[in-house]
Amino acid sequence: MKKFNMDEFIWFIIQLTLIILMIYLKVSGKITYFISSKMMIYFNMSIIILMLYALAQSRKIFTVRNRNYITNKFYPILSVIVLCAVFLYVMPNYKSLKAVENNVSMLNENIYEGMIKVTNDNYEILYNMDEYNNSIIELTGFVYETNNDNEIILGREVVSCCQSDKSLIQIKVKGINNINKGTWVKVIGKVEYIDETYLECIEYEKIDEPIEIYFHEKL
């Protein structure tokens, strides 16, 4: 006679929790904090495979229990999954709240005709700044380096696959000083060329770390 197998049931709950967490990350779009769009196909495949495993596992819930009771070993695993789920929920929502609180920009963005706002859709222009000489550009990034010559190096990271393969775009910005490394700033400046291409700051403001801190490489 088949009996309720607690060990198999807990293992099924762990798999089900992982599936729900992965689907939540996908539907909410928060998965982009961890992987790029290139990896989404593999992430989706992982969800499907895990669903198949969970389906097979559900059939083991009413089976004879193994003599080697391992129920207590599952609790740490389940606890870690729950803590990860809480962290993944709280971190992006905290950033969203901070972004809403600081949504009012002091920059006069609307007075610059033809200004190019650098976003995830067009960040490739930063690789070819010389082609945009005399253009007005708005760029958000963090202070990667500070120099004594009234200039900084503004950085923005690009993710190709996942966080482990990040690359850094560095843009020299002149006309900014007395600002700490790691500070996030929004800069409006003019692309200039004297020996090298750089951004001549027109105005800037310090901002909180944005919700989306990476540019994601396109497929």
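Read the figures in this text as sums done on the coordinates, not as results from a lab. Model, not experiment: these values are computed from the prediction. Cβ atoms come from the backbone with ideal geometry, glycine included; neighbour counts cover every protein chain shown.
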remark   = Summed over the other residues with a beta carbon less than 12 angstrom from that of G155, with K and R at +1 and D and E at -1, the charge totals +2
key: Neighbourhood net charge (11 Å Cβ-Cβ; Lys/Arg +1, Asp/Glu -1) for I125   = -3
note = The FRET efficiency for E209 and L52, from their Cβ-Cβ distance with R0 = 35 Å and rounded to 0.05, is 0.35
note = Given backbone amide H placed at 1.01 Å from N, residues whose amide H is under 5 Å from that of F62, ignoring those fewer than 5 places away on the same chain, are N5
J(HN,Hα) series, the range 180-189, from Karplus relation 6.51 cos²θ - 1.76 cosθ + 1.60, nearest Hz, glycine and proline x = 7, 4, x, 6, 8, 9, 10, 10, 10, x
key: Per-residue ³J(HN,Hα) for the range 20-34, Karplus 6.51 cos²θ - 1.76 cosθ + 1.60, θ = phi - 60°, Hz, x for Gly and Pro   = 4, 4, 5, 5, 4, 4, 5, 5, 6, x, 6, 5, 5, 6, 10
remark   = Rh_Kirkwood(the range 116-216) over Cα pairs, Å, one decimal, evaluates to 13.7 Å
key: Extension gain, E131 back to L168 (0.36 nm per residue minus Cα-Cα distance, nm)   = 11.3 nm
query = Gain in length, I41 to E196, computed as 0.36 nm per residue apart minus the alpha-carbon separation, to one decimal in nm?
reply = 51.8 nm
Under-5 Å amide H pairs with F34, H placed in peptide plane, nonlocal only = none
inquiry  = Taking θ = phi - 60°, what integer Hz values does the Karplus form 6.51 cos²θ - 1.76 cosθ + 1.60 yield along the range 40-50, in sequence order, with x for Gly and Pro?
reply    = 4, 4, 6, 5, 5, 5, 5, 4, 4, 4, 5
query = If each residue's Cβ is checked for other Cβ atoms within 10 Å, how do Y127, Y24 rank with the fewest at the top?
reply = Y127, Y24
task = Pull up all non-local amide H partners of E203: gap of 5 or more, or a different chain, and H-to-H distance under 5 Å with H placed in the peptide plane.
result = I188
